[in-house]
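S.K.: Below: one structure in structure tokens.
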Amino acid sequence: MARRSTKTPPPDDFEERILDIDVVDEMQGSFLEYAYSVIYSRALPDARDGMKPVHRRIVYQMNEMGLRPDRGYVKCARVVGEVMGKLHPHGDASIYDALVRMAQPFSMRLPLVDGHGNFGSLGNDDPPAAMRYTECRMADATSLMTESIDEDTVDFAPNYDGQEQEPLALPAAYPNLLVNGASGIAVGMATNMPPHNLGEVIAAARHLIRHPGADLETLMRHVPGPDLPTGGRIVGLSGVRDAYETGRGTFKIRATVAVETVTARRKGLVVTELPFSVGPEKVISKIKDMVGQKKLQGIADVKDLTDREHGLRLVIEIKNGFIPEAVLEQLYKLTPMEESFGINNVALVDGQPLTLGLKELLEVYLDHRFNVVRRRSEFRRGKKRDRLHLVEGLLVALVDIDEVIRLIRSSENAAQARERLMAHFSLSDVQTQYILDTPLRRLTKFDRIELEAERDRLKAEIAELTTILESDAELRKLVSSELAAVAKKFGTPRRTVLLESAGTPAPAASLQVADDPCRVLLSSTGLLARTVTGEPLPDEGRRAKHDVIVSSVAATARGEVGVVTSAGRLLRLSVIDLPQLPETAHAPNLSGGAQVSEFLSLEADETVVCLTGLEESSPGLALGTLQGVVKRVVPDFPSNKDELEVIALKEGDRIVGGVELRTGEEDLVFITSEAQLLRFQASQVRPQGRPAGGMAGVKLAEGAEVISFTAVDPAADAVVFTAAGSGGTLDDSVTTAKLTPFDQYPRKGRATGGVRCQRFLKGEDKLVFAWAGATPARAAQQNGSPSELPEIDPRRDGSGTPPPKPVAAVAGPVA
């Protein structure tokens, strides 16, 4: 069966017309139209308010919806629906993506949306929640973008269907394009602008208002470089200057990294800031790939310890024996911990895409702001003139209110009353209608006084607005003061550090720590560290916390040292595990050290007494105990044992002092709680093996105990410090202290009582602290803060003087 055609035949008078169009011309025209639409309506920001159409529409519609910072949150889906239905003829996904970015503090230097819910994470490692779950409202600073928009400050145009009006630019009370930056890809062009610091940008804008002819060098004193929301370090400023001059340039962003001791025996790189738009997951993934391919050495583990309380914290543990700084250079080279940012300042100026430098961007914004303030002033002056016109008319009526009432009562209707009032009082139609609409309760004497005050105020305000409109200097002054108020309210400190260069990277050959000579130091507060070299640390006279070194020993970076404890134990300590003091640190200052507890496991009542080398060639170790026992230990420390016993202590006894002898010719010094000092030659003590219990060192009176034991070179200039008191803690029990030359105390035989070293005053019954050693001596409080020693008293048995600050530790120069 034949199928009938359903096509309607053409009418008889139909004339077929076929147009021959060159496909090249058609494609060119269509492409240009599309390209213009993308450039102007989608991808590029306007240089005046720094916004693309989608961002401007979101902000404007939120303002129209009343979603101000002091109002409650609403679902983001509601905002997206309003924007899409009224202003933005595109998909909801693009609108929500733009809204999310405006709420991310790691994307915007001054966020424009106050988000409530999951708005994603740095680097988009975790995507934001769907818009049906998240909520939003305008941020505090966003109101500045739409401020006075209802005062005829900007032009409006019909929306896509002609049923709504939308602004072509927002009033923008601050330079949003520079502050928050922008990025977008159009057809044949793209823009990529970094964020800047609000306070710096406004300072440059205000300078340009005062000095329109300012050059770039002057402006860069206010805006030295970008200020990224994620902080970091910008390395190399030549590209930044090129961008500020020509609109195009490139710079490198590095993560902010600190070398810290992250475990008891291991250092690590702690990353607290990453390059702009780089997330921790991306860095971790790249590090693991590089380690797996054996292109990156020295990394033991990577942990992401980021949380809401502390922010970003990425810990990269370094294997022992590797230089953290050298590993960091490899990380910069091979991972996203260093990224390049290409500045391309392309923005729309009068509808045309232009590449702008810093000065041009500020000039376009300021011209826009001048125009906004001028139009606002004209609008406000017009409103105030209209109000003044009404007030003056009402005052005319109040002067002869009885006549006004008579004319109204005698009129046939409202129209006649209006005409008679206009003719009798020479009023305008608007004034007359206002009088007729005014209720009788406004015709009191008090209201007349109020109206006169309002009239005077309106005249003053109109005069002020007229001055602004007629004087360019006043207009500039007003714009500058408004910008200053914005900077004061919303300005924040700079987050990104600017560096001229990256410095000299560590060569690959020095990735591991060399076995160079060094010195291990122990402070009075229990901090351990090693120096850069084996050279003695200089004494520069400056004081800082933790600068009293109670023990030091020569070593090598890959060697070991011994730690002697009050329980008679010697514990091995790997030098490579200790934090290294920077070369620039004035000495002796262990502020960069780490607590002993991070390297050794000590009992509750066990303390570190001293450090010692483990070489068999040394003269040995001298120890003094609480009960007056002295021992010289034979340097026999087997390398296969991490813990050794260096003295057999009696019940209740413990080591109070220890020192590594250098020559064996030193004098050993005991100081007791009864203020007795015994000095004798170290040669009087026979060296003993580790299991031995030592021999009698000082003879103690009943109830007395040893509070200090040390060794002093008899050829050195030395002093003795003693502090007397009674009971309590060290800080509050000291009443008097004394400093005496060491040569005032004669040598006595071993196992004798010694000589008196301080006379007690009333209320004092014992020494609570004592020390003997070479000068110059340093003193510290219990927390490591510096303290001062008293003046030297030549009398060995004299009484002390009250110290200005508590003294908990004293030590001589670092050898």
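S.K.: Among the residues of region 660-704, write down those that are under 54 Å from the mean Cα position of the chain (by Cα), part of a loop (DSSP other than H, G, I, E, B), under 20 Å from D636 (Cα atoms) and not hydrophobic (A, V, I, L, M, F, W, C).
M.R.: Within region 660-704, R662, T663, G664, R690 qualify.
S.K.: A further question follows. Quick check on region 793-815: of everything there that is among the charged types (D, E, K, R) and under 17 Å from R756 (Cα atoms), which residue is surrounded by the most Cβ atoms within 10 Å (Cβ to Cβ)?
M.R.: By that ranking, first place goes to R796.
S.K.: Within region 747-762, identify whether any single residue is out of contact with any Asp or Glu (no Cβ under 9 Å at 6 or more places or on another chain), touching a residue at least 40 places away in the same chain (Cβ under 8 Å), of a type in the set (A, V, I, L, M, F, W, C) and within 20 Å of A622 (Cβ to Cβ), and answer yes or no.
M.R.: yes
S.K.: It is to be established whether one or more residues within region 736-749 are on the phi > 0 side of the Ramachandran plot and not in a strand (DSSP E or B).
M.R.: Scanning region 736-749 turns up no residue that is on the phi > 0 side of the Ramachandran plot and not in a strand (DSSP E or B).
S.K.: Then there is this: Counting only residues that are under 39 Å from the mean Cα position of the chain (by Cα) and surrounded by fewer than 16 Cβ atoms within 10 Å (Cβ to Cβ), which one in region 756-792 is nearest to P714 (Cα to Cα)?
M.R.: E788
S.K.: Name every residue in region 271-300 that is buried (at least 19 other Cβ atoms within 10 Å of the Cβ) and out of contact with any helix residue (DSSP H, G or I) (no Cβ under 8 Å at 6 or more places or on another chain), in order of residue number.
M.R.: E273, P275, F276, V283
S.K.: Turning to a different aspect of this structure: Can you find a residue in region 41-60 that is closer than 30 Å to P336 by Cβ and of a type in the set (F, W, Y)?
M.R.: no
S.K.: Listed residues I318, I234, I253; which is buried (at least 19 other Cβ atoms within 10 Å of the Cβ) and farther than 30 Å from T191 by Cα? Lay out the reasoning, then the answer.
M.R.: Working: I234 fails: farther than 30 Å from T191 by Cα; I253 fails: farther than 30 Å from T191 by Cα.
Answer to the selection: I318.
S.K.: Moving on. Taking region 278-308, which residues are assigned to a helix (DSSP H, G or I) and aliphatic (A, V, I, L, M)?
M.R.: Once the filter is applied, which keeps residues that are assigned to a helix (DSSP H, G or I) and aliphatic (A, V, I, L, M), region 278-308 yields V283, I284, I287, M290, V291.
S.K.: Where the second residue is in a loop (DSSP other than H, G, I, E, B) and not aliphatic (A, V, I, L, M) and the first is without any contact (Cβ under 8 Å) to a residue 60 or more places away in the chain and lies in region 297-309, which pairs have Cβ atoms under 6 Å and are six or more apart or on separate chains?
M.R.: Here the result reads A300/K319; L305/R313; T306/R313, each pair linking region 297-309 to a residue that is in a loop (DSSP other than H, G, I, E, B) and not aliphatic (A, V, I, L, M).
S.K.: I would also like to ask the following. Just checking, which of P89, P105 is out of contact with any helix residue (DSSP H, G or I) (no Cβ under 6 Å at 6 or more places or on another chain), modelled with pLDDT under 95 and farther than 18 Å from E166 by Cβ?
M.R.: Only one candidate qualifies: P105.
S.K.: Turning to a different aspect of this structure: Looking only at region 150-201, count how many residues are over 30 Å from G225 (Cβ atoms), of a type in the set (S, T, Y) and out of contact with any Pro (no Cβ under 6 Å at 6 or more places or on another chain). Please lay out each step first, then the result.
M.R.: To start, the set of residues in region 150-201 that are over 30 Å from G225 (Cβ atoms) comprises 150-168, 187.
Those left that are additionally of a type in the set (S, T, Y): 153, 160.
Filter again for out of contact with any Pro (no Cβ under 6 Å at 6 or more places or on another chain), leaving none.
Going through region 150-201 one residue at a time, the tally reaches 0.
S.K.: Could you list, in sequence order, all residues of region 117-142 that are surrounded by fewer than 17 Cβ atoms within 10 Å (Cβ to Cβ) and outside any loop (DSSP other than H, G, I, E, B)?
M.R.: N124
S.K.: Look through region 309-351, keep the residues that are in contact with an Asp or Glu (Cβ under 8 Å, 6 or more places away or on another chain) and in a loop (DSSP other than H, G, I, E, B), and return whichever of them is farthest from G225 (Cα to Cα).
M.R.: Among residues in region 309-351 that are in contact with an Asp or Glu (Cβ under 8 Å, 6 or more places away or on another chain) and in a loop (DSSP other than H, G, I, E, B), the one farthest from G225 (Cα to Cα) is N320.
S.K.: Same structure, new question: Quick check: anything in region 46-58 without any contact (Cβ under 8 Å) to a residue 24 or more places away in the chain and not aliphatic (A, V, I, L, M)?
M.R.: The answer is no, given that none of the residues of region 46-58 is without any contact (Cβ under 8 Å) to a residue 24 or more places away in the chain and not aliphatic (A, V, I, L, M).
S.K.: Here's a follow-up. Taking the residues in region 594-644 that are surrounded by fewer than 20 Cβ atoms within 10 Å (Cβ to Cβ) and not in a loop (DSSP other than H, G, I, E, B) as candidates, determine which candidate is nearest to the chain's Cα centre (by Cα).
M.R.: A594
S.K.: Quick test of your reading of the structure: L600 fulfils all but one of (1) at negative phi; (2) touching a Gly at 6+ places or on another chain (Cβ under 8 Å). Name the failing condition by number.
M.R.: (2)
S.K.: Suppose we filter L469, L440, L436 for residues that are in contact (Cβ under 8 Å) with a residue 24 or more places away in the chain and over 30 Å from L366 (Cα atoms); which single one remains?
M.R.: Among L469, L440, L436, only L436 is in contact (Cβ under 8 Å) with a residue 24 or more places away in the chain and over 30 Å from L366 (Cα atoms).
S.K.: State yes or no: is G239 in a helix (DSSP H, G or I), modelled with pLDDT under 95 and buried (at least 20 other Cβ atoms within 10 Å of the Cβ)?
M.R.: Taking the combined requirement at face value, the residue satisfies it.
The values are calculated or read from the model by the stated rules, or taken from the named source; none is laboratory data. Here the structure is a predicted model, which is why all the values come from computation and not from measurement. Cβ atoms come from the backbone with ideal geometry, glycine included; neighbour counts cover every protein chain shown.
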